[in-house]
1. Answer yes or no: is there a residue in segment 11-21 that is of a type in the set (Val, Ile, Thr) and either surrounded by fewer than 17 Cβ atoms within 10 Å (Cβ to Cβ) or more than 21 Å from Asn82 (Cβ to Cβ) (or both).
2. Does Ile240 satisfy being more than 25 Å from Gly145 (Cβ to Cβ), within 14 Å of the ligand (Cβ to nearest atom) and open to solvent by less than 10 Å² (accessible area, probe 1.4 Å)?
3. Hey, could you check segment 131-168 for residues that are more than 9 Å from the ligand (Cβ to nearest atom) and either in a strand (DSSP E or B) or in contact with a Cys (Cβ under 6 Å, 6 or more places away or on another chain) (or both) and say which is most open to solvent (accessible area, probe 1.4 Å)?
4. List pairs: first residue in segment 283-305 and in contact (Cβ under 8 Å) with a residue 60 or more places away in the chain, second residue among the β-branched types (Val, Ile, Thr) and open to solvent by less than 20 Å² (accessible area, probe 1.4 Å) anywhere in the structure, Cβ distance under 7 angstrom, at least six positions apart or on different chains.
5. If you scan segment 169-182, which residues turn out to be open to solvent by less than 20 Å² (accessible area, probe 1.4 Å) and away from the ligand (no atom under 13 Å from the Cβ)?
6. Looking at segment 47-70, which of its residues are open to solvent by less than 40 Å² (accessible area, probe 1.4 Å), touching a helix residue (DSSP H, G or I) at 6+ places or on another chain (Cβ under 7 Å), in a loop (DSSP other than H, G, I, E, B) and under 20 Å from Met317 (Cβ atoms)?
7. Give the residue that is most open to solvent (accessible area, probe 1.4 Å), with candidates limited to residues of segment 76-88 that are within 11 Å of the ligand (Cβ to nearest atom) and in contact with a helix residue (DSSP H, G or I) (Cβ under 7 Å, 6 or more places away or on another chain).
8. Within segment 271-286, which residues are surrounded by 15 or more Cβ atoms within 10 Å (Cβ to Cβ) and within 26 Å of Asn208 (Cβ to Cβ)?
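The values are calculated or read from the model by the stated rules, or taken from the named source; none is laboratory data. This one's a predicted model, so the numbers in the text were calculated from it and none came from an experiment. Every residue, glycine among them, receives a Cβ derived from its backbone with ideal geometry; neighbour counts consider all protein chains shown. The protein model used for the area step is the full one, side chains on, heavy atoms only, and it has no ligands, DNA or RNA in it. Shrake-Rupley method; radii C 1.70, N 1.55, O 1.52, S 1.80 Å.
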Amino acid sequence: MKVIFFDTDRETRDYFRRHKLPKGATAVFFPESIQDVPLEKLREHKDAEAISIFVYSRFTDNLLKLFPKLKLINTRATGYNNIDLPYCKKNKIAVANVVGYGETTVAEYAFGLLLDLTRKIGISNAKLKAGIVDVLGDTGHDINGKTVGVIGTGAIGRHFCKLAKGFGCTVLAYDLYKNEELEKTGVVKYVSLDTIYKKSDIISLHCNATADNYRFINEAVIAKMKKGVYIINTARGELIDTVALYKALKSGHVAGAGLDVIEHENILIKNDIDLALTKSYDSLLYSVINKMVVGLDNVIITPHIAFNSVEAKERIMASSLNTLIAFAEGKEFKSVCL
Ligand code: NAI
């Protein structure tokens, strides 16, 4: 069996070299995302039966067709909206993600973004490092006593709700499926989306990105939110219409946004020359839009790193390794599409 790993840093490569795959399995490592590897290089590995990726790799039909023997895509992440599930289902390719590695890790990070945003910790820190001692200039807001709206109360959202409750907030929640336990124990009250928009001082997104909720935080929805609302997104960039958010942040209708994810976030890490060489209008357009958002004072943005703790990464790699071993040995593993 041949496994190709994409989106690998040194740590990932070392881990999968150290923790051996079953006998007879070979591993090939690319630091780049699959779409950034020249086609002729990919064709050298057309016998691959498994591919392991992180969130930056985006599959298109023509890339998947390069691997006729492909039977497994293992994503070293929870979300799998970067994988064409209908194609995989039709072609009997299993898609395995990592579940439950970082529910507290990501919830803590989302809360960190919120604290930094509302208390302007990063701004004060940057000022002081630049030699400016501004004691009263960056007045923030308390979190205690505020109403927090949480959209998506799965593994991560559930923990975020508990943190907000611990901070003395009223927690309103919306999910397609209620978590009865969370409501029974008095942590949240489930309400409609419109109630969340109308009543929340802080809104945090923790739902999966699907075709149904693509850019559901748009201009019309933001208009329903309280003036001065804070928005936190550690889920997926595709949930928010970036231009609508930018306009609302500029006007002050949204007081601030803490974003670990943003649509087309993969181009945040490409330089302008690489982008120009792609000759893609969309890439250039989103590069401009994303840079405008990054430049706003009331935005804290990080490059999809909420998962990035030592403890969570160990859990991710161990889970991916188990999936690859099970696959190589013909044992059962969980696929999200087969
Ligand atoms: P989960 O699957 O446990 O929970 C997602 C919840 O969202 C489910 O309860 C589901 O019913 C709900 N949901 C789906 N569509 C919805 C909709 N339209 N409206 C309201 N609720 C909806 O997933 P988990 O592990 O809690 O992850 C949540 C999000 O965080 C995912 O988007 C995932 O991709 C993202 N994530 C981000 C990370 C980062 O580093 N920034 C790391 C890990 C996950």
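1. Within segment 11-21, the subset of a type in the set (Val, Ile, Thr) is 12.
Cutting the leftovers down to either surrounded by fewer than 17 Cβ atoms within 10 Å (Cβ to Cβ) or more than 21 Å from Asn82 (Cβ to Cβ) (or both) gives us none.
No; the residues of segment 11-21 include none that is of a type in the set (Val, Ile, Thr) and either surrounded by fewer than 17 Cβ atoms within 10 Å (Cβ to Cβ) or more than 21 Å from Asn82 (Cβ to Cβ) (or both).
2. Working: more than 25 Å from Gly145 (Cβ to Cβ): yes; within 14 Å of the ligand (Cβ to nearest atom): yes; open to solvent by less than 10 Å² (accessible area, probe 1.4 Å): yes.
In short, yes.
3. Among residues in segment 131-168 that are more than 9 Å from the ligand (Cβ to nearest atom) and either in a strand (DSSP E or B) or in contact with a Cys (Cβ under 6 Å, 6 or more places away or on another chain) (or both), the one most open to solvent (accessible area, probe 1.4 Å) is Lys146.
4. Taking only residues 6 or more apart or on different chains, the pairs are His304/Val55; His304/Val261.
5. Of everything in segment 169-182, those that are open to solvent by less than 20 Å² (accessible area, probe 1.4 Å) and away from the ligand (no atom under 13 Å from the Cβ) turn out to be Cys169, Val171.
6. Hit for segment 47-70 is Ser57, nothing else.
7. Going through the qualifying residues, I end up with Asn81.
8. Correct list: Ser283, Tyr286.
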